[in-house]
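For reference, the structure is listed below as C-alpha cells.
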Amino acid sequence: MPLPPPPHPRPGFARIRKEGTVVRGWIDLTVTGEGPASSRVLWSQVISVRAVPRALDPLLAAVARAAYGWAVRRLIDRD
C-alpha cells in the first residue's frame with residue numbers, strides 16, 4: 001500500500017544501526033518527496049566485519065551495497 005508523502009517539504013531521515021558481534025555499522029537513509037506519487041531514497045553506509053582486514057573494505061562495501069539495495073528496493077516496491 002503506497003504511503004502519502006509527509007505534509008512538510010523537509011526530507012525524512014533514518015539511521016539503521018547494526019551492532020552485532022560480527023557485523024557492525026549503520027545505514028543513513030534520506031527520503032525526499034519528488035511529487036504527489038514519487039520519492040527519492042538516498043543512503044550511505046558504514047560497515048565493518050570482525051576479523052576482515054581493512055584492505056578488503058572496498059569489496060565488503062560493494063557486497064553490502066548490493067544486499068542493502070536489494071532489501072530497500074523490496075521495501076519500496078511493496079504494494
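Would you tally the net charge around Thr32, using a Cβ to Cβ cut-off of less than 9 Å, leaving Thr32 out, and scoring K and R as +1, D and E as -1?
+1
Among residues other than Arg17 whose Cβ falls under 12 Å from its Cβ, what is the net charge (Lys/Arg +1, Asp/Glu -1)?
+1
When the helix-only estimate is applied to the chain (DSSP H runs of n ≥ 4, each -39,500 (n - 2.57), divided by the residue count), what is the mean residue ellipticity at 222 nm, nearest 500 deg cm²/dmol?
Value at 222 nm, helices only, nearest 500: -8500 deg cm²/dmol.
Pick the calculated Cα Rg over 2.2 N^0.38 Å for this structure from (i) 1.00; (ii) 1.31; (iii) 1.37?
(ii)
Which value, in debye to the nearest 20, gives the size of the charge dipole of the chain about its Cα centre, when Lys and Arg are +1 and Asp and Glu are -1 at the Cβ?
The dipole of the chain has a size of about 240 debye.
Normalising by the residue count of the chain, find the relative contact order in percent from Cα pairs under 8 Å and 6+ residues apart.
It comes to 25 percent, rounded to a whole number.
The numbers here are math on the coordinates, done by the rules we state, and not lab data. Model, not experiment: these values are computed from the prediction. Cβ: placed from backbone, ideal geometry, glycine included. Neighbour counts: every protein chain shown.
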